[in-house]
1. Only residues that are in a loop (DSSP other than H, G, I, E, B), within 14 Å of chain B (Cβ to nearest Cβ) and not small (G, A, S): list them for region A:289-327, please.
2. Being open to solvent by 30 Å² or more (accessible area, probe 1.4 Å) and of a type in the set (K, R) is the requirement here; does A:R282 meet it?
3. Which residue, of A:T231, A:T221, is closer than 20 Å to A:R309 by Cβ and open to solvent by 20 Å² or more (accessible area, probe 1.4 Å)?
4. Could you list all residues from region B:92-111 that are within 14 Å of chain A (Cβ to nearest Cβ) and open to solvent by less than 10 Å² (accessible area, probe 1.4 Å)?
5. May I ask you to list the residues in region A:328-341 that are surrounded by 18 or more Cβ atoms within 10 Å (Cβ to Cβ) and either within 7 Å of chain B (Cβ to nearest Cβ) or of a type in the set (D, E) (or both)?
6. Counting only residues that are crowded, with 22+ Cβ neighbours inside 10 Å and closer than 19 Å to B:S293 by Cβ, which one in region B:218-231 is modelled with the highest pLDDT?
7. Would you mind stating whether B:G248 is surrounded by fewer than 18 Cβ atoms within 10 Å (Cβ to Cβ) and either in contact with a Lys or Arg (Cβ under 7 Å, 6 or more places away or on another chain) or farther than 30 Å from B:T316 by Cβ (or both)?
8. Taking region A:249-260 only, how many residues are facing chain B (nearest Cβ under 9 Å) and either open to solvent by less than 30 Å² (accessible area, probe 1.4 Å) or modelled with pLDDT under 90 (or both)?
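The values are calculated or read from the model by the stated rules, or taken from the named source; none is laboratory data. None of the values given here were measured: they were computed from a predicted structure. Reconstructed Cβ throughout: ideal geometry from the backbone, glycine too, with neighbour counts over all protein chains shown. Areas reflect the complete protein model, heavy atoms only, side chains present, ligands, DNA and RNA absent. Shrake-Rupley method; radii C 1.70, N 1.55, O 1.52, S 1.80 Å.
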Amino acid sequence: MGKHRLRPLDLRHGVVELPHGSGGRATAQLIDELFMRHFRSEALAARHDAATLPQTAGRLAVSTDCFVVSPLFFPGGCIGDLAVHGSLNDVAMAGAQPLALTAGFILEEGFPLEQLDRIAAAMADACARSGVPLVSGDTKVVERGKADGVFISTTCLGRIPDGVELSPSRARPSDVILVSGPIGDHGIAILSQRPGLAFDCDVKSDSAALHTLVATMLAVTPELHVLRDPTRGGVAAALNEIADQAGVGMLLEESALPIRGAVRAACELLGLDPLHLACEGRLLAICPQSVASAVLQAMQAHPQGQEARQIGVVLSAQGPQCFVELRTPFGGRRIIDWPAGEQLPRIC
Amino acid sequence: MLGTTQLSDDFRDPVLAERLLTTLQQRLVPGRTYRLMEFCGGHTHALCQSGLLDRLPAAVQMIHGPGCPVCVLPIGRLQQAIDLAVSGQVILCSYGDMLRVPGRGRQSLLLARSTGADVRVVYGTAEALQVAREHPQRQVVFLAVGFETTTPMSAAAVQQAHREGLTNFSILCNHVLTPAALQGLLATEEDQVRVDGFVGPGHVSTIIGSDAFAAIARAFQKPICIAGFEPLDLLAAILHLVEQLNAGQGEVMNDFVRAVTPEGNRRAQALIDEVMELRESFEWRGLGQIPWSARRLRPKYADFDAELRFSLSTPTVADHRACRCPEVLRGACRPTDCTLFGTACTPDTPLGSCMVSPEGACAAYYLHGRSRLPVLRHG
């Protein structure tokens, strides 16, 4: 009763079928002929129930993220690389160097294997580029209509270098706020593909791994206070979270915000605020004024931070409330609030 | 795409804005207060978004008017749509900003959707028509709201459905008329708040033309300056209003000449007139019944009128007892005068209509300016 008795998977015309998730031979075949073709790590090859990792010294950081983006493929990426970068960046925001990644897949019956193959290839490519191995995974199949193509959940494990102490609660009045590049590209790239709304624009998702940028910044000084990747809810949500946790206010300069012309134009047309748009390959950094220019220079010398800018400063909170405000080019101020309600389709 | 920002950047020049502000300051008659209403929610949003409200001289007071389509729709009309969606008879298509508006109790189209109703957000009527084509077995209803700006698209959709013989498409027609609202506002104003002049709506005027406001300006002797939505547009209109008031004039002035003509968009007007007729009277949230202030489908297109197709009546739903949206909409009180503002009523938990759309006066205040309101109590 060997595996050879099943016909090989038809990666061009085949689809995901319920037996692919049943734990039987079909499941093993899907793993061998599709996933294992792309992912090659010692831990996976060992085929244990659990991956074992080498001993490591120091504190660990771990983060789990789920990905339900629609559409699955978009300009500049797909759900596969997004799922790798997402968890990896979350770990990097703790200052950690990522060590290993795991992935869970929920597949919908009828999902084209050709697309699954492309997604797995994109994930493997993202892992290879980041130098982080995928060490464990799981696949389940649900009946048609119970999922939307494919949902992916990833977990990333990383090691925090000694002396690094990043936390949202460490933002202090007079700290400066830096951003690593133009904001909102990912959100607009996804929106431009939405059925019924599709519009021509040359904006690509910024989806990228940020851990080497973080390492570069920490090499300049371990005195960074906060790192945060502004994913869902965008820069507005990320800064409001930090302001709340640290009990501080913030003031941004509108004229300093790096926003591409096409992103601004799309936001004008759709009535969106670029500060509410998701980024998947940008980070916000909050650090003391004294090290800001050195950190900024290091960021700009890194491929992921060439367009890094200082966008604002941290202030003392005004009373019990922690407002993130923005100074307009006309000298007025307005509040940058959390995005309210539903603004976008599924973006990550 | 690039052209869009280039065009708008010309009207966002901070140096020119500073010059306009200086000129405005010089034109003010000492001791005089200028109470100006920006009718349109888009203008309210632009004033807050640009931070210009902070920079206007204290003698220039901006009153946020009723020109937010989400805000002036009576709850009963919204409830009609919610009930229809909940009944399961239809796929209800709506512009996104209607979804969170509270109806009776805490009901909303969004809540209806989470509990099983088929409610879909569309960006335009063409999308709603497409839903109807794709679901020939289902009835598809488009919740048509808005001023003259969105009316031509609804008319075009009905005409297109008629042409295609789409028997499963209809609209809940709640389109309203701006000049009628302005008239209604001024007619009830005496014992309310004095408004000296109006920043006239920009997008609406692209359709109906600046001449459409001439009779009102004359009758009530109030200047109306039609403005675009960029900071320089607004500053120019405010400056011109101040100058007219100083000169004792009350005329319509078109400060949005790059988009608005005196006669407006004739083709759009003809399209509206072909498909729709005026209602004798229509209830506005905050302004009450205003004669000849809304449209419905003409008998020729009655097949596409969801009110007739589903024999709908309009339920009467009272506003929240403490909610002062009606007064806010009339410019009779400021959002911050309401006890619910920022406490029970926030953009996340809107009780009144003005808190729902970012163009609503309360949401604009809350989103952009509450850090300067030390009196706020937060629950």
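1. Selection gives A:P320, A:C322, A:F323.
2. Against the criterion (open to solvent by 30 Å² or more (accessible area, probe 1.4 Å) and of a type in the set (K, R)), A:R282 does not qualify.
3. A:T231
4. B:C93, B:S94, B:M98, B:L99, B:V101, B:L109
5. A:T328, A:F330, A:G332, A:R333, A:R334, A:I335, A:D337, A:A340
6. B:I224
7. Yes.
8. Qualifying residue count, region A:249-260: 1.
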